[in-house]
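Novice: Structure provided below as structure tokens; questions to follow.
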Amino acid sequence: GGGGGAAGTFLRLHNATVVMVAQLARGAPAGLVLDEAQEEEEELHSSPEARVRELEGRIDHATSASALDLVGWRCECLALTQIAWADDLFQLGRASFLLARAYLDAGMPFPAIPHAERAESMLLASAARPEAEALLPKALLALADSLSRAVLAPGRRGRTSQKARGNAAALYKRAADAYHRSLLAMHRVFGRGHVACCPVLRGWARMAVGRSSDFALARRLLARELQIRSAKGVNDPTAAESAALDETRRELASNMLLEAKVASSGRDNSPSSLRAARLRREAI
């Protein structure tokens, strides 16, 4: 019974041969048919662990793949990880984090959220491992960015129903909490003055202005980022460090100008009004 042993191997080879003959009869190029058959046979014999390594190598060297291609490969990596390392919470958390990040890079924050939440849970459960502790701050940042971008997503802006406002407020609170947890984890793993804290500070500041018009919070967060980047580049900064420092200064100045403009004009201080003012200023 079943397809194991020599009988199973014969059946697989027989089926592959039938498919090859059918493809050749339809006029498919012989080289392409053989290549596809070889790939399928290799996948049949390769372990889930080897398949994950092969996919991650493909992702690392992908130069022309689309963002959706990368999401698809990361989905496959997560599925294979669940087979290969079913009881390894770190590996499961890592695969979930990488898929969440791929969704974010593809501009899809909503499907990223559950994977980032799962990554946080898995990495916390395996926090005794140094590699899990080191990855946790990045997973928390992925969760915060996912929630933040969901808050600011075009489909959620302008909703006026009480339920919609309540949902948006809850999402904003979850994002702010995730940024706070990420920042604390960055402090613990890398140190309070490490540049790894800067993406957390920047993302949190942008959400504070875009969603709740909280200029005071954004100013504090960006001032802290400026302090970190200034200290990092005080002695012979690299070109990348200088560019990052200039970008932080522009972000801080832009928010201060927008705050002053809103305060002096007496116009509506709602997020939609602020976004319109920002777009007008950037168009000048």
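Novice: How about the stretch 203-232: which of its residues are over 26 Å from Arg165 (Cα atoms) and buried (at least 16 other Cβ atoms within 10 Å of the Cβ)?
Specialist: Matches in the stretch 203-232: Leu222, Arg224, Glu225, Leu226, Ile228, Arg229, Lys232.
Novice: I need every pair where a residue in the stretch 134-151 that is closer than 18 Å to Ala196 by Cα has its Cβ under 7 Å from the Cβ of a residue that is open to solvent by 20 Å² or more (accessible area, probe 1.4 Å) and basic (Lys, Arg), sequence separation at least 6 or different chains.
Specialist: Correct list of pairs: Leu135/Arg94; Leu140/Arg181; Ala142/Arg101.
Novice: How many residues, within the stretch 165-201, are under 16 Å from Ala142 (Cα atoms) and open to solvent by less than 30 Å² (accessible area, probe 1.4 Å)?
Specialist: Going through the stretch 165-201 one residue at a time, the tally reaches 14.
Novice: Where residues in the stretch 221-243 are among the small types (Gly, Ala, Ser) and assigned to a helix (DSSP H, G or I), which of them is farthest from Met207 (Cα to Cα)?
Specialist: That would be Ala239.
Novice: Just wondering, is there one or more residues in the stretch 187-198 that are on the phi < 0 side of the Ramachandran plot, assigned to a helix (DSSP H, G or I) and basic (Lys, Arg)?
Specialist: Yes - at least one qualifying residue is present in the stretch 187-198.
Novice: Anything in the stretch 46-75 that is under 15 Å from Ala106 (Cβ atoms), in a helix (DSSP H, G or I) and without any contact (Cβ under 8 Å) to a residue 40 or more places away in the chain? List them, or say none.
Specialist: Within the stretch 46-75, Ile59, Leu68, Asp69, Leu70, Val71, Gly72, Trp73, Arg74, Cys75 qualify.
The values are calculated or read from the model by the stated rules, or taken from the named source; none is laboratory data. It should be emphasised that the depicted structure is a prediction, and the values quoted were computed from it without experimental measurement. Using ideal geometry, Cβ is built from the backbone for each residue, glycine included, and neighbour counts are taken over all protein chains shown. To get the accessible areas, we keep the full protein, side chains included, count just its heavy atoms, and leave off ligands, DNA and RNA. Shrake-Rupley method; radii C 1.70, N 1.55, O 1.52, S 1.80 Å.
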